[in-house]
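Below: one structure, written as structure tokens.
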Amino acid sequence: MALIREADLIDSVADALQYISYYHSPDFIAAMGRAYDHEQSPAARDAIAQILTNSRLCAEGRRPICQDTGIVVAFVKVGMNVRWDAQRSLEEMVNEGVRRAYLHPDNLLRASIVADPAGKRGNTRDNTPAVIHVELVPGEGVDVTVAAKGGGSENKSMFAMLNPSDSVADWVVEAVQEMGAGWCPPGMLGIGIGGSAEKALLLAKESLMETIDMPQLKARGPSSRLEELRIEIFDRVNALGIGAQGLGGLTTVLDVRIRDYPTHAASLPVAVIPNCAATRHVHFHLDGSGPARLEPPDLARWPTVAWTPDPSVRRVSLDGLKRADVSSWKPGERLLLSGKLLTGRDAAHKRICALLDAGQPLPDGLSFQDRVIYYVGPVDPVGKEVVGPAGPTTANRMDRFTETMLAKAGLMAMVGKAERGPEAVAAIRRHKSAYLIAVGGAAYLVSKAIRASRIVAFPELGMEAVYEFEVSDMPVTVAVDSNGESLHDSGPRQWQGKFRGIQVAVQS
Ligand code: SF4
């Protein structure tokens, strides 16, 4: 009978969360490397190069892969013969591990969890509580899988109660088209089929904890209906041409995993949850002999891809930027930004627009006149960093504020990730503005382009405060030009249907 000590579970959870904050798993890296090798769309290939370079920098520097260090989801399987040497409940032990991981002084992780979600939404400051699923199973030990799930990808989860005669593959392909690029593809799709409504969603999340093995599956051929479905969905989704970051390209998903469960004869519940470029999960086992030890991955497994600024790309000075410059940018054009950028995301936009709509002045020193804003909530810096990982957040959450920001605040352009909605695109066209995207999932690489950072307004909002960043050669792509032409429409159109026939080679 195994005796599991409280400290062993807490330390193991804390270590595992630190580990996945900076190490992608080998299967994910190999799959992303394959996607890079096969990608023919220059914009998507550049984005994958940034993701891979970011991944290696994070593994070397032990800093987060993404500024969104996720909501913690833990799957805990407790052996029925386990005894505990613990004062806290299982939930309290897991949450203590989360707290220690996210407040680790050498690698501070961003606290993203808010309590009272339909009300005040106050940050809990230590990223607790985790979402914990506990199962009692035969055996002697405790099996734990922890994941840190990004908000951008979790937000795109979908569920449907289909009719038993409906096609699951058709529904998933349609769902992925609706998701847009806010889930930071390329990544994985987890699909749950059957059970009840909540069971289907849980199956989808559990399936995301599995290893990427689509090349092996294709090589050996499917041996079950579910494996046939995995291949069908994988091929059909990639044939959509969405591509990395929605820029148009050959790889949208690296794998599709499916779990199923018996269901009611009248029902066909289906859930799909995407996992992003910052796919983070790890498994460990406690047998009573002490905390789990997670070996660092071999960096030689990372593909030899090192993204550096392309000298042929147009360099843009943000200081003294003219509206005529903005109007000359074309969808799909890559730019390197240098100079001063303001930042802001949901909470700051809400406050700024409330002040502007009430005819009140903005806080002292804050002016968006002829400035560019970057939608970001960075990780706090450690050591000599001026800012922690600072990748873009999903831009369409700012769509409802865009008209006010352009018309009343005098903003010139915006940087974020994924597509804008019709309301924002219309405002961009009306005001001859532009929307640029940075690569979601390349946050540490982006932070290397930030040379100085200071808080300009709303310090009490923490990571949601308005900062002024001084950047040097920050890589972005024009996603919506001043005429309202959107790369997220034209890119996938151009690459639609081109996936079929691309060889998926098996790499060891
Ligand atoms: S890669 Fe994108 S979706 Fe994933 S955690 Fe980062 S910002 Fe969120």
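The values are calculated or read from the model by the stated rules, or taken from the named source; none is laboratory data. The shown structure was predicted, so the numbers you read here are calculated from the model rather than taken from an experiment. A quick note on method: Cβ atoms are made from the backbone with ideal geometry, for glycine too, and the neighbour counts reach across all protein chains shown. Heads up: the accessible areas ignore ligands, DNA and RNA and are worked out on the full protein's heavy atoms, side chains in. Shrake-Rupley method; radii C 1.70, N 1.55, O 1.52, S 1.80 Å.
Condition check: away from the ligand (no atom under 16 Å from the Cβ) and over 18 Å from Ala292 (Cα atoms). Does Gly33 satisfy that?
Details: away from the ligand (no atom under 16 Å from the Cβ): yes; over 18 Å from Ala292 (Cα atoms): yes.
In short, yes.
Listed residues Asp85, Asp106; which is modelled with pLDDT of 95 or more, open to solvent by 50 Å² or more (accessible area, probe 1.4 Å) and touching a Leu at 6+ places or on another chain (Cβ under 6 Å)? Outline the logic, then answer.
Details: Asp106 fails: touching a Leu at 6+ places or on another chain (Cβ under 6 Å).
It is Asp85.
How many residues are of a type in the set (Val, Ile, Thr) and closer than 16 Å to Asp27 by Cα if we restrict to the range 181-238? Even if it seems obvious, please write down each step before you answer.
Of all residues in the range 181-238, those of a type in the set (Val, Ile, Thr) come to 191, 193, 211-212, 231, 233, 237.
Now restrict to residues that are closer than 16 Å to Asp27 by Cα: 211-212.
Final tally of qualifying residues: 2.
Assess whether Asp8 counts as being surrounded by 18 or more Cβ atoms within 10 Å (Cβ to Cβ), charged (D, E, K, R) and touching a Pro at 6+ places or on another chain (Cβ under 7 Å). Reasoning before the result, please.
On the way: surrounded by 18 or more Cβ atoms within 10 Å (Cβ to Cβ): yes; charged (D, E, K, R): yes; touching a Pro at 6+ places or on another chain (Cβ under 7 Å): yes.
Yes.
If you check Ala31, Ala35, Ala43, which single one turns out to be buried (at least 20 other Cβ atoms within 10 Å of the Cβ) and modelled with pLDDT under 95? Break it down into steps so the answer makes sense when it comes.
Numbers: Ala31 fails: modelled with pLDDT under 95; Ala35 fails: modelled with pLDDT under 95.
Every option except Ala43 fails the conditions.
Of all the strands (runs of 3 or more DSSP E) wholly in the range 286-376, which have at least 3 residues that are touching a residue at least 24 places away in the same chain (Cβ under 8 Å) and closer than 23 Å to His488 by Cα?
So the answer is 334-343, 372-374.
I need the full set of residues from the range 115-150 which are open to solvent by 30 Å² or more (accessible area, probe 1.4 Å), in contact with a Ser or Thr (Cβ under 7 Å, 6 or more places away or on another chain) and within 16 Å of the ligand (Cβ to nearest atom), in order please.
If the condition is that a residue be open to solvent by 30 Å² or more (accessible area, probe 1.4 Å), in contact with a Ser or Thr (Cβ under 7 Å, 6 or more places away or on another chain) and within 16 Å of the ligand (Cβ to nearest atom), then no residue fits.
Of all residues in the range 214-224, how many are open to solvent by less than 20 Å² (accessible area, probe 1.4 Å) and in contact with a Leu (Cβ under 9 Å, 6 or more places away or on another chain)?
1
So which of Thr304, Thr263, Thr211 is open to solvent by 40 Å² or more (accessible area, probe 1.4 Å), among the hydroxyl-bearing types (Ser, Thr, Tyr), more than 16 Å from the ligand (Cβ to nearest atom) and farther than 30 Å from Tyr444 by Cα?
Values: Thr304 fails: farther than 30 Å from Tyr444 by Cα; Thr211 fails: farther than 30 Å from Tyr444 by Cα.
Selected residue: Thr263, the only one of Thr304, Thr263, Thr211 that is open to solvent by 40 Å² or more (accessible area, probe 1.4 Å), among the hydroxyl-bearing types (Ser, Thr, Tyr), more than 16 Å from the ligand (Cβ to nearest atom) and farther than 30 Å from Tyr444 by Cα.
Take the range 456-477 and flag every residue that is aliphatic (A, V, I, L, M) and over 24 Å from Gly151 (Cα atoms). Give the derivation first.
Initially, the range 456-477 is screened for residues aliphatic (A, V, I, L, M), giving 456-457, 461, 463, 465-466, 471, 474, 476.
Hits for the range 456-477 are Val456, Ala457, Val471.
List every residue pair whose Cβ atoms sit under 6 Å apart, with the two residues 6 or more apart in sequence or on different chains, where the first one lies in the range 130-146 and is in contact (Cβ under 8 Å) with a residue 60 or more places away in the chain and the second, anywhere, is open to solvent by 30 Å² or more (accessible area, probe 1.4 Å) and assigned to a loop (DSSP other than H, G, I, E, B).
If the second residue must be open to solvent by 30 Å² or more (accessible area, probe 1.4 Å) and assigned to a loop (DSSP other than H, G, I, E, B), the pairs left are Glu140/Asn81; Gly141/Asp287; Thr145/Met209.
How many of the residues making up the range 274-315 are acidic (Asp, Glu) and in contact with an Asp or Glu (Cβ under 9 Å, 6 or more places away or on another chain)? Can you show your working first?
Step one: filter the range 274-315 for residues acidic (Asp, Glu), giving 287, 295, 298, 310.
Right, trim to in contact with an Asp or Glu (Cβ under 9 Å, 6 or more places away or on another chain) and you get 287, 310.
Qualifying residue count for the region: 2.
Scan the range 397-416 for residues that are over 25 Å from Ala358 (Cβ atoms) and within 16 Å of the ligand (Cβ to nearest atom) and jot them down. Show your work before the answer.
Kept after step one, since they are over 25 Å from Ala358 (Cβ atoms), are these residues of the range 397-416: 413, 415-416.
Of everything in the range 397-416, those that are over 25 Å from Ala358 (Cβ atoms) and within 16 Å of the ligand (Cβ to nearest atom) turn out to be Val415, Gly416.
Residue check: is Trp183 among the aromatic types (Phe, Trp, Tyr) and either more than 23 Å from the chain's Cα centre (by Cα) or open to solvent by 10 Å² or more (accessible area, probe 1.4 Å) (or both)? Outline the logic, then answer.
On the way: among the aromatic types (Phe, Trp, Tyr): yes; either more than 23 Å from the chain's Cα centre (by Cα) or open to solvent by 10 Å² or more (accessible area, probe 1.4 Å) (or both): no.
Taking the combined requirement at face value, the residue does not satisfy it.
Can you spot a residue in the range 466-488 that is within 30 Å of Asp364 (Cβ to Cβ), touching an Asp or Glu at 6+ places or on another chain (Cβ under 6 Å) and touching a residue at least 12 places away in the same chain (Cβ under 8 Å)? Talk me through it step by step, then tell me what you get.
The initial filter retains those residues of the range 466-488 that are within 30 Å of Asp364 (Cβ to Cβ), namely 466-472, 474, 476.
Those left that are additionally touching an Asp or Glu at 6+ places or on another chain (Cβ under 6 Å): none.
No, the range 466-488 has no match at all.
Please list, ordered by first then second residue, the pairs with beta carbon atoms under 8 Å, 6 or more apart or interchain, first in the range 153-164 and more than 14 Å from Ile193 (Cα to Cα) and among the basic types (Lys, Arg), second assigned to a loop (DSSP other than H, G, I, E, B) and more than 9 Å from the ligand (Cβ to nearest atom).
Lys156/Gly180
When you check Leu57 against the structure, is it in a helix (DSSP H, G or I), open to solvent by less than 10 Å² (accessible area, probe 1.4 Å), touching a helix residue (DSSP H, G or I) at 6+ places or on another chain (Cβ under 6 Å) and aliphatic (A, V, I, L, M), yes or no?
Details: in a helix (DSSP H, G or I): yes; open to solvent by less than 10 Å² (accessible area, probe 1.4 Å): no; touching a helix residue (DSSP H, G or I) at 6+ places or on another chain (Cβ under 6 Å): yes; aliphatic (A, V, I, L, M): yes.
For Leu57, the condition - in a helix (DSSP H, G or I), open to solvent by less than 10 Å² (accessible area, probe 1.4 Å), touching a helix residue (DSSP H, G or I) at 6+ places or on another chain (Cβ under 6 Å) and aliphatic (A, V, I, L, M) - is not met.
Would you point out which residue out of Ser41, Ser55 is closer than 22 Å to Pro475 by Cα and within 15 Å of the ligand (Cβ to nearest atom)? Step through it out loud before you land on a result.
Values: Ser41 fails: within 15 Å of the ligand (Cβ to nearest atom).
Just a single option satisfies the conditions, and that option is Ser55.
Here is a list: Val134, Val94. Which entry is under 16 Å from Asp8 (Cβ atoms), in contact with a helix residue (DSSP H, G or I) (Cβ under 7 Å, 6 or more places away or on another chain) and not charged (D, E, K, R)? I'd like the intermediate steps shown before the answer.
Working: Val134 fails: under 16 Å from Asp8 (Cβ atoms).
The match here is Val94.
Where the second residue is more than 13 Å from the ligand (Cβ to nearest atom) and the first is open to solvent by 10 Å² or more (accessible area, probe 1.4 Å) and lies in the range 61-72, which pairs have Cβ atoms under 6 Å and are six or more apart or on separate chains?
Arg62/Tyr22; Arg62/Asn107
Starting from residues that are hydrophobic (A, V, I, L, M, F, W, C) and within 16 Å of the ligand (Cβ to nearest atom), keep the ones in the range 151-180 and report whichever is surrounded by the fewest Cβ atoms within 10 Å (Cβ to Cβ). Working first, answer last.
From the range 151-180, those hydrophobic (A, V, I, L, M, F, W, C) are 158-162, 168-169, 171-173, 175-176, 179; that's our starting set.
Still in the list and also within 16 Å of the ligand (Cβ to nearest atom): 158, 176, 179.
Details: Met158: 18, Val176: 25, Met179: 22.
Taking the candidates together, the pick is Met158.
Is there any pair with a first residue in the range 81-98 that is within 18 Å of Gln18 (Cα to Cα) and a second that is of a type outside the set (A, V, I, L, M, F, W, C) whose Cβ atoms are under 6 Å apart and which are 6 or more apart or on different chains, and what are they?
So the pair list comes out as Met93/Glu6; Asn95/Thr128; Asn95/Pro129; Val98/Asn127; Val98/Thr128.
Out of the range 266-284, which residues are away from the ligand (no atom under 16 Å from the Cβ) and in a loop (DSSP other than H, G, I, E, B)?
Ala266, Ser267
Scan the range 424-473 residue by residue and report those that are touching a strand residue (DSSP E or B) at 6+ places or on another chain (Cβ under 7 Å), closer than 19 Å to Leu487 by Cα and β-branched (Val, Ile, Thr).
Val425, Ile428, Ile437
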